[in-house]
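The values are calculated or read from the model by the stated rules, or taken from the named source; none is laboratory data. Since we're looking at a predicted model, the values are computed, not measured. Every residue, glycine as well, gets a Cβ built from its backbone with ideal geometry; the counts of neighbours run over all protein chains shown. Remember, those area values only see protein heavy atoms, side chains included, never the ligands or the DNA or RNA. Shrake-Rupley method; radii C 1.70, N 1.55, O 1.52, S 1.80 Å.
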Amino acid sequence: MSGWTAAGAFSKDPGFDYEARCVLGKAAYGIGDVGLVLTTLDRIGEHPSPGRLDPAAPGLLDGGGPQAWFDEWSATARGVADRADAAAAAGHRQTASWAYLAAAQYWATALGALDGLADQSVLGPTFAEHRRCWDGYLDASDGAFVRVEVPYEDGTLPGYLLRPDASGAARPTLVVTNGSDGSLPGLISDAAIPDALARGWNAFVYDGPGQQSMLFERGVPFRPDWEAVLTPVVDALIARDDVDADALLASGISQAGYWLPRALAFEHRFVAAVVDPGVMDVSTSWLGHLPPEMVALLRSGDKATFNGYMEQMPGDPDQERTFLFRARPYGAAQDPFDVFNAVLAYHLRDVVGQIRTPLLVTDPEGEQFWPGQSRELYDALTGEKQLLTFAERDGANWHCEPLGRQLANKQAVDWLADRLAAR
């Protein structure tokens, strides 16, 4: 099935290949099933190739490209959601819980192709179905999982407190900050939430500015000063009777490897934290694709010339899709200069010395988005710290260890538990 080997790939498109690994790795935490993933990838591969204007161009998508990805993951999500609805109607809560979580993740996986689709109107209904299934997962918990609206500026942030049970006992709480494009269901595996619940901790997940519902439904973009986001989250949690205010832990996934340390420079109420990976400067993943002359134009503020050169660069459908996907949350997707210029503000150089929270930084081999950044952050930290490396030989390489989540999570949670016990 799928023609994949450890040395091979699921797709000729690097983005879809990585997403395939991510959704397959989530099955290790019971999010869907290996067979559901592999059969969906098989169906995608059976689609006729969309081709390119230049058939000899490198990187030709196999299968039907973004449209096939969206269609087939949507079909899988729809089928699993139907099973969830049937199980819920029959009172089979555990089955409904599993199926709703899987369906929510598969809808989110389908949306990974959004910026390559001719019809962008699918965003609203697809995201709504994704959140319907997420809500179904919450409601199947017998009251253990509760919704928490976090006061934020003139409105709220949607938050969810996942508890081991509905007793309401005050517990240590792992506060999870998502990355640039991850889903809430994805955090179940990516942030070791089952491991936290098994230890008797709560886990709190939320959508911050530029993330998921805050972006897709409210149009609120990213912001670099994440302390303005995380501190209201902490304030809301410690006001609750089911949260031990003296036993807060934090985790940051993907681009939250920047956001969480940034917030920790100002927010000192956490016992310990983990970032997977560490990110000293978000812009390195953007500037690395530009020639030095373009970087110089960007830093000099020459917007007209920069945008002019961007318009003259050879078109590549995959690169254009990736740019739109990554630019959307920054709120300036129509102007390349504004997007790149906005990203330059996302760095820790001015604040890293203020971090006092003990911090574990993961460093996976083959990190493709921010290579070397975990070590750079680790070296810059002045307080208690540890660098945790992961290797290809263990199947835990690449950004956020997509096929090694159990291996990564168990060690991260052990590290947090040791700091909690020694507080």
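A compact table of results
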quantity: Those helices (runs of 4 or more DSSP H) lying entirely in the range 196-294 with at least 3 residues farther than 26 Å from R328 by Cβ; calculated: 227-238
quantity: Candidate set from the range 406-422 (those that are without any contact (Cβ under 8 Å) to a residue 60 or more places away in the chain and in a helix (DSSP H, G or I)); member that is nearest to P172 (Cα to Cα); calculated: A421
quantity: The range 353-367, subset touching a Ser or Thr at 6+ places or on another chain (Cβ under 8 Å) and part of a loop (DSSP other than H, G, I, E, B), residue surrounded by the most Cβ atoms within 10 Å (Cβ to Cβ); calculated: I355
quantity: Per-region count, the range 295-326, residues in a helix (DSSP H, G or I), open to solvent by less than 60 Å² (accessible area, probe 1.4 Å) and within 28 Å of A113 (Cα to Cα); calculated: 8
quantity: Lone qualifier among A198, A203, A228 - being out of contact with any Phe, Trp or Tyr (no Cβ under 6 Å at 6 or more places or on another chain), open to solvent by less than 30 Å² (accessible area, probe 1.4 Å) and among the aliphatic types (A, V, I, L, M); calculated: A203
quantity: Flag for S180 being within 30 Å of G331 (Cα to Cα), out of contact with any His (no Cβ under 9 Å at 6 or more places or on another chain) and in a loop (DSSP other than H, G, I, E, B); calculated: yes
quantity: Failed item in (1) touching an Asp or Glu at 6+ places or on another chain (Cβ under 8 Å); (2) touching a residue at least 24 places away in the same chain (Cβ under 8 Å); (3) among the hydrophobic types (A, V, I, L, M, F, W, C), with A144 passing the rest; calculated: (2)
quantity: Filter result for A108 (at pLDDT 95 or above, assigned to a helix (DSSP H, G or I), hydrophobic (A, V, I, L, M, F, W, C) and loosely packed, with under 15 Cβ neighbours inside 10 Å); calculated: no
quantity: Inter-residue pairs, beta-carbon under 6 Å, first small (G, A, S) and in the range 359-378, second crowded, with 23+ Cβ neighbours inside 10 Å, 6+ apart; calculated: S374/P277; S374/G278; S374/V361
quantity: Answer residue from the range 349-376, given it is out of contact with any Leu (no Cβ under 6 Å at 6 or more places or on another chain) and β-branched (V, I, T) and is nearest to M280 (Cα to Cα) among those; calculated: V352
quantity: Q120 vs. criteria polar (S, T, N, Q), surrounded by fewer than 21 Cβ atoms within 10 Å (Cβ to Cβ) and at pLDDT below 95; calculated: yes
quantity: Subset of the range 22-35 (residues that are surrounded by fewer than 19 Cβ atoms within 10 Å (Cβ to Cβ), touching a residue at least 60 places away in the same chain (Cβ under 8 Å) and in contact with a Leu (Cβ under 9 Å, 6 or more places away or on another chain)); calculated: A28, G30
quantity: Hits in the range 124-138 - residues which are within 25 Å of T173 (Cβ to Cβ) and without any contact (Cβ under 8 Å) to a residue 40 or more places away in the chain; calculated: D135, L138
quantity: Residue match in the range 385-402 (condition: free of Cβ contacts under 8 Å to residues at least 60 places away in the same chain, of a type in the set (A, V, I, L, M), open to solvent by 10 Å² or more (accessible area, probe 1.4 Å) and in a loop (DSSP other than H, G, I, E, B)); calculated: yes
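To keep it simple, each residue is scored yes or no on (1) among the small types (G, A, S); (2) surrounded by 18 or more Cβ atoms within 10 Å (Cβ to Cβ).
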{"site": "T95", "(1), (2)": "no, no"}
{"site": "A99", "(1), (2)": "yes, yes"}
{"site": "G124", "(1), (2)": "yes, no"}
{"site": "F127", "(1), (2)": "no, yes"}
{"site": "C133", "(1), (2)": "no, yes"}
{"site": "R147", "(1), (2)": "no, no"}
{"site": "G159", "(1), (2)": "yes, yes"}
{"site": "P172", "(1), (2)": "no, yes"}
